[in-house]
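The values are calculated or read from the model by the stated rules, or taken from the named source; none is laboratory data. Bear in mind the structure is a predicted one, so any value in this text is a computation, not a measurement. Cβ placement follows ideal geometry from the backbone for every residue including glycine, while neighbour counts extend to all protein chains displayed. All accessible areas refer to the heavy atoms of the entire protein, side chains included, with ligands and DNA or RNA removed. Shrake-Rupley method; radii C 1.70, N 1.55, O 1.52, S 1.80 Å.
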Amino acid sequence: MSTPADRAQYGQNLLEIRGLRVAYGNSRRDAVEVVHGIDLSIRPGERLAVVGESGSGKSVTARAVLGLDTDASLSGSIRLGEHELTTLSRRRMRDIRGARIGLIFQDPLAALNPVMRVGWQIMQPLIIRGTGKREARQRGIDLLGRLGVRDAGARFDDYPHQFSGGMRQRVVIAIAVIAQPELLIADEPTTALDVRVQAQVLQLLDELARERGMAVMLITHDLGIVAGFAERVVVMRNGRVVEHGDVDSIYAAPKAEYTRGLLGAVPRLDSDPDRELATVAPDWDAS
Amino acid sequence: MTGRSEVLLEVDGLVQRYPGTRNAAVDDVSFQIRIGETLGLVGESGCGKSTTARCIAGLTRPTGGTVRLGTRDVLSASRSALKSLRRDMQMVFQDPYSSLNPRMTVADLVGEGLLVHGLRPERRARRDRVVELLDMVGLPASSLERRPRSFSGGQRQRIAIARALAVEPRLLICDEPVSSLDVSVQAQVLNLFKKLRTQLGLSMLFIAHDLAVVRYLCDQVAVMQSGRIVEIGSRDQVYGAPRHHYTRELLAAVPVPDPPVERERMRTFRISEEST
């Protein structure tokens, strides 16, 4: 239902990854390549899921976009708008993180500083970019309230341990989006949460992304949450993209044998429990 | 699974209270498992499902209640009676990385119970039985002299299952046995559980947080919340016509890997009280 103007704008990719290779290791000789040349793009406001099992390279790809691993050697190209991220200095990269790309990790406890009040942590991305304390505080409280934390004003000065798991993840989301990034990278954001809390957090992320026109790159192993959240899907295995396409066609008619196996391996509430689950041959390779 | 067979495990009024806490971790839990039946115990983290399992297996001593396996009282058993009870109840844990001694070979890990309980005192007979068990869980005989380190998570869980089954237990207690595994590996291990259940007529207590996994494997289902069982019944009843609002809410929160269905579910999902 997009207008022609929308379409023109959407034609331009927000994030464009071309031929990305990622290797870890000290010297060129003993470097181990874990991502073997992948292409991937996200349009402004689009929700893309990168799906895969452990060792697929999905998290490594996200970390490469964010420039988080100093010991990783990258080749290929990662473009965010006008910036080429693979060659950006660490200082410039730091400016991009937080301001233009927000991130959420799996474990909300590890992502928060236990001895710092949550409000102060939420305000940080604004403070370091020169927003006044009073304004940063007000925006932080408003956002935390928007994320469903009751009595956000009073809880703003609490410490992380005073929050439950689900509430902590809301704090982490607040930190990630307060500076209004165009892209949010969420790496297994609900994996550590109970099923009802997971549903709430996903709803919030969905609403927030729509309200702000923020693109989301959701990295997950969970094909269930992808189905409801993503518009487009990239399936990865062993450092390669096995399949990509819009979410409805991938689920309705997966082309790659691996995707089919993965979809058939998930126990579901709406399938016959007496039917055997599909299994993917362990060493089947994408190449 | 007609539900007509003999009762194997009977848990009655089980309570586990820790000093200095207001609410009991396990609060008056009662249920039965019949021979050949698999009971799934589901609930969110902290609901007391693992503590219940540990009380039954004799790994922690409950504050109150009784646990009977067949005709024997588990909680008041003498040391020697406990040894034979432990043979009859074996556990499989969540994390196959920490539940297997890294210094032991597969042959020793799987054969240990046979030795301890004097089932195959002779070395060669023990080895043959271990090979048979490995074959049953889908591992080659060439695994015998290898150590856990050289196996993947799914393979390690197979070793843990073979180890538990070695002593021919009457009840297998599994605490989140597939939740640390990748989807495709999880499917293999779940299929294995199903196969073993039919093949050996196993009775199981299966603890998990994933409602779809429990539905796939269990005949009977108990839903726990804050230390209590809020609903217990057959799989078809609990999933098809849940009586308790908490069960309905849990089921409504489970994502379905079908985009149109899942988008609609996500749009309409609401939690009843602020419980997070």
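State all residues of the range A:173-204 that are open to solvent by less than 10 Å² (accessible area, probe 1.4 Å) and of a type in the set (A, V, I, L, M, F, W, C); if no residue qualifies, say none. Result: A:Ile173, A:Ala174, A:Ala176, A:Val177, A:Ile178, A:Leu183, A:Leu184, A:Ile185, A:Ala186, A:Ala199, A:Val201, A:Leu202. Of the helices (runs of 4 or more DSSP H) lying entirely inside the range A:54-153, those containing at least 2 residues that are of a type in the set (Gly, Ala, Ser) span A:58-66, A:90-99, A:108-111, A:133-146.
Among what's in the range A:1-57 and is charged (D, E, K, R), modelled with pLDDT under 95 and closer than 26 Å to A:Leu262 by Cα, pick the residue that is surrounded by the most Cβ atoms within 10 Å (Cβ to Cβ). Before you say what the answer is, go through the steps one by one.
Going residue by residue through the range A:1-57, those that are charged (D, E, K, R) are A:6-7, A:16, A:18, A:21, A:28-30, A:33, A:39, A:43, A:46-47, A:53.
Still in the running and modelled with pLDDT under 95: A:6-7, A:28-30, A:33, A:53.
If we keep only those that are closer than 26 Å to A:Leu262 by Cα as well, we get A:33, A:53.
Working: A:Glu33: 15, A:Glu53: 20.
It comes out as A:Glu53.
If you go through the range B:159-177 one residue at a time, do you hit one that is at the interface with another protein chain (Cβ under 9 Å from one of its Cβ atoms) and open to solvent by 10 Å² or more (accessible area, probe 1.4 Å)? Scanning the range B:159-177, I find no residue that is at the interface with another protein chain (Cβ under 9 Å from one of its Cβ atoms) and open to solvent by 10 Å² or more (accessible area, probe 1.4 Å), so the answer is no. Can you say whether B:Glu132 is part of a loop (DSSP other than H, G, I, E, B) and either buried (at least 23 other Cβ atoms within 10 Å of the Cβ) or away from chain A (no Cβ under 12 Å) (or both), as far as the supplied structure shows? Answer is no for this residue. For B:Thr66, the requirement of being at pLDDT 95 or above and either touching a helix residue (DSSP H, G or I) at 6+ places or on another chain (Cβ under 7 Å) or in a helix (DSSP H, G or I) (or both) is not met. Within the range B:76-107, the set of residues being surrounded by 17 or more Cβ atoms within 10 Å (Cβ to Cβ) and free of Cβ contacts under 8 Å to residues at least 40 places away in the same chain comprises B:Ala77, B:Leu85, B:Arg86, B:Ala107. Filtered by the rule that a residue be within 12 Å of chain B (Cβ to nearest Cβ), among the aliphatic types (A, V, I, L, M) and part of a loop (DSSP other than H, G, I, E, B), the range A:189-236 gives A:Ala192, A:Leu193, A:Ala230.
I need the full set of residues from the range B:243-267 which are closer than 21 Å to B:Gly46 by Cβ and either surrounded by 17 or more Cβ atoms within 10 Å (Cβ to Cβ) or at the interface with chain A (Cβ under 9 Å from one of its Cβ atoms) (or both), in order please. Selection gives B:Tyr246, B:Thr247, B:Glu249, B:Leu250, B:Leu251, B:Ala252, B:Ala253, B:Val254. If you filter the range B:193-215 down to residues that are facing chain A (nearest Cβ under 10 Å) and not small (Gly, Ala, Ser), you find that the one that is nearest to B:Gln237 (Cα to Cα) is B:Arg215. Taking the criterion of being more than 10 Å from chain A (Cβ to nearest Cβ) and either in a helix (DSSP H, G or I) or closer than 27 Å to B:Leu69 by Cα (or both), the residues of the range B:149-158 that qualify are B:Arg149, B:Ser150, B:Arg156, B:Gln157, B:Arg158.
Within the range A:238-282, being within 7 Å of chain B (Cβ to nearest Cβ), among the aliphatic types (A, V, I, L, M) and in contact (Cβ under 8 Å) with a residue 12 or more places away in the chain holds for A:Val247, A:Leu262, A:Leu263, A:Ala265, A:Val266, A:Leu277, A:Ala278, A:Val280.
For the range B:17-36: of the residues being part of a loop (DSSP other than H, G, I, E, B) and in contact (Cβ under 8 Å) with a residue 40 or more places away in the chain, which is farthest from B:Arg61 (Cα to Cα)? Per the stated criteria, the residue is B:Gly36.
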